[in-house]
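The values are calculated or read from the model by the stated rules, or taken from the named source; none is laboratory data. What you see is a predicted model, and the numbers here were worked out from it, not measured in a lab. Every residue, glycine among them, receives a Cβ derived from its backbone with ideal geometry; neighbour counts consider all protein chains shown.
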Amino acid sequence: MDSVTHIVLGACIGEVIAGKELGRKAMLWGALAQTFPDIDVVAEMWLDTPSNLLAHRGFTHSILSCLLFMPLFAVMAKRLHNKANISLQRWMTLFGIEMFCHLLLDSQNAYGTGLFEPFSHARISFNTMFVADPLFTIVALIASLVLLFFRSKNEKRRLTWATAGIATSAVYLSFCVVNKLIVTNEVESLMQQQHVTYNKHFVTPTPLNNLLWYVVANDDSGSYVGYRSIFDKKSELGLTYFRRNEDLLIGMQDDEGLQKLKRFSKGYYVAQQWGDTLAFCDLRFGQILGWKDPNEKFVFHYFLKHPDNNNVVIQRGRFAKWDNTAIPTLWQRMMGI
């Protein structure tokens, strides 16, 4: 999830667990604890882009990492606040909940999380939420601001705000899971009716919402791409086929960067020739306004022949063509129109 979500949700959890004894410092500890796994972003300073893609959400996002750092941080916090009436066990609870919450949330979107590093390099992706979803974050954000700037001396009132921030996020996540199950079932049924053959597939939310879902289904030569709203009543799933174009990659099979990109993409990729530029596209991150133009380019595109031009590769084209028609067309498609 995005950093704002981790910070405000972490602050609410910190308030519930230790707000009575630490005041605002509990929110600070909560925010720091829940954002800690993202310390792996410092690797970007010395790793090339393909290596950094695999390093991010790797070991620092693993179960083992949480188990190692949780007691370390608990002992450190206990010593710093030795006068506070907080047991080591409660400190362990705070850091454990915060760090595992980070792992759980990051596993909900397409990027995936290396939960079992270093024993397994598999990335876990439940694809239930977009990386930034305002409805998931908004109440926790409001609660955090109220607790920070309008802090009441009434403990019950503070707990009410913090609990509301946590509870609404939990309820919304449950809503997302239900949506995922509904859309997945519909997509699988419609592809069967349309005699679409595939060996693996996934559905994941489109930007900033949980109503319109992006669909990708792989066969041996390429991928079917489409969109499905939970409000769609159509008995047909509109799909556009993209060839994988492995022939464009002939001569590059020994390229270490390309092999890392393939591993990162989990097999959901196509190669495309854009003029004199060869692009590797990871389909998991969607298209640029794909619900408006099914033939649009993919958000994640890595220039194989120009590796120095690949900064911010994950979301490089996400909002490239968003104009005054982007939101209205997205809203209409979300509503099943």
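Residues that are among the charged types (D, E, K, R), in contact with a strand residue (DSSP E or B) (Cβ under 7 Å, 6 or more places away or on another chain) and within 30 Å of Val177 (Cβ to Cβ) do not occur anywhere in segment 232-252.
Would you be able to say whether some residue in segment 102-111 is acidic (Asp, Glu), without any contact (Cβ under 8 Å) to a residue 40 or more places away in the chain and in a helix (DSSP H, G or I)?
Initial filter on segment 102-111 (acidic (Asp, Glu)): 106.
Next, only the ones that are without any contact (Cβ under 8 Å) to a residue 40 or more places away in the chain stay: none.
No; the residues of segment 102-111 include none that is acidic (Asp, Glu), without any contact (Cβ under 8 Å) to a residue 40 or more places away in the chain and in a helix (DSSP H, G or I).
Of the residues making up segment 268-306, those that are more than 24 Å from Tyr198 (Cβ to Cβ) and of a type outside the set (Ser, Thr, Tyr) are Gln273, Trp274, Gly275, Asp276, Leu278, Leu289, Lys292, Phe303, Leu304, Lys305, His306.
Matching residues to (1) part of a helix (DSSP H, G or I); (2) more than 27 Å from Ser51 (Cβ to Cβ); (3) touching a residue at least 60 places away in the same chain (Cβ under 8 Å):
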{"position": "Tyr224", "(1), (2), (3)": "no, yes, no"}
{"position": "Lys233", "(1), (2), (3)": "no, yes, yes"}
{"position": "Gly257", "(1), (2), (3)": "yes, no, yes"}
{"position": "Gly267", "(1), (2), (3)": "no, no, yes"}
{"position": "Leu278", "(1), (2), (3)": "no, no, no"}
{"position": "Trp322", "(1), (2), (3)": "no, yes, no"}
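Take the conditions part of a strand (DSSP E or B) and either in the same structural domain as Thr206 (by TED's automatic domain parsing) or within 20 Å of Tyr224 (Cα to Cα) (or both) and apply them to Val313. Does it pass? Before you say what the answer is, go through the steps one by one.
Working: part of a strand (DSSP E or B): no; either in the same structural domain as Thr206 (by TED's automatic domain parsing) or within 20 Å of Tyr224 (Cα to Cα) (or both): yes.
No; evaluated as a whole, the condition is false for this residue.
When the residues of segment 205-222 are filtered to those that are among the β-branched types (Val, Ile, Thr) and closer than 19 Å to Thr329 by Cβ, the one that is surrounded by the fewest Cβ atoms within 10 Å (Cβ to Cβ) is Thr206. Could you tell me whether any residue of segment 229-249 is surrounded by 13 or more Cβ atoms within 10 Å (Cβ to Cβ), touching a Leu at 6+ places or on another chain (Cβ under 9 Å) and over 19 Å from Val215 (Cα atoms)? Yes, segment 229-249 contains a residue that is surrounded by 13 or more Cβ atoms within 10 Å (Cβ to Cβ), touching a Leu at 6+ places or on another chain (Cβ under 9 Å) and over 19 Å from Val215 (Cα atoms). Only a single item in (1) under 24 Å from the mean Cα position of the chain (by Cα); (2) within 28 Å of Gly114 (Cβ to Cβ); (3) not small (Gly, Ala, Ser) is not met by Lys321, and it is number (2). Per the listing Val196, Val177, Val187, Val225, the residue uniquely closer than 23 Å to Met1 by Cα, modelled with pLDDT of 95 or more and either of a type in the set (Val, Ile, Thr) or not assigned by TED's automatic domain parsing to the domain that holds Val299 (or both) is Val177. Each residue in segment 295-310 was checked for being surrounded by fewer than 16 Cβ atoms within 10 Å (Cβ to Cβ) and part of a loop (DSSP other than H, G, I, E, B), and 3 pass.
The residues in segment 318-335 that are closer than 24 Å to Arg284 by Cβ and of a type outside the set (A, V, I, L, M) can be counted, and the count is 7. Of all the listed residues (Asp254, Asp293, Asp276), the sole one being out of contact with any helix residue (DSSP H, G or I) (no Cβ under 7 Å at 6 or more places or on another chain), within 21 Å of Gly222 (Cβ to Cβ) and in the same structural domain as Gly222 (by TED's automatic domain parsing) is Asp293. The residue pairs whose first member lies in segment 174-190 and is crowded, with 17+ Cβ neighbours inside 10 Å, whose second member is assigned to a helix (DSSP H, G or I) and not β-branched (Val, Ile, Thr), and whose beta carbons are closer than 8 Å, counting only pairs six or more residues apart or on different chains, are Cys176/Phe136. Could you tell me which numbered condition Ala84 fails, if it satisfies all but one of (1) modelled with pLDDT under 95; (2) buried (at least 21 other Cβ atoms within 10 Å of the Cβ); (3) closer than 23 Å to Ala143 by Cβ; (4) not acidic (Asp, Glu)? Result: Ala84 fails condition (2) only.
Just one of the listed residues (Ile142, Ile166, Ile138, Ile97) is surrounded by fewer than 18 Cβ atoms within 10 Å (Cβ to Cβ) and within 20 Å of the chain's Cα centre (by Cα), namely Ile138.
For the condition surrounded by fewer than 14 Cβ atoms within 10 Å (Cβ to Cβ), of a type outside the set (Phe, Trp, Tyr) and touching a Phe, Trp or Tyr at 6+ places or on another chain (Cβ under 9 Å), what is the one hit in Thr277, Thr329, Thr325?
Values: Thr329 fails: surrounded by fewer than 14 Cβ atoms within 10 Å (Cβ to Cβ); Thr325 fails: touching a Phe, Trp or Tyr at 6+ places or on another chain (Cβ under 9 Å).
The match here is Thr277.
Within segment 134-160, residues that are in the same structural domain as Cys101 (by TED's automatic domain parsing) and in a helix (DSSP H, G or I) sit with their Cβ atoms under 7 Å from residues that are crowded, with 16+ Cβ neighbours inside 10 Å and of a type in the set (Phe, Trp, Tyr), at 6+ positions apart or across chains, in these pairs: Leu135/Tyr172; Phe136/Tyr172; Ala143/Trp161; Val146/Trp161; Leu147/Trp161.
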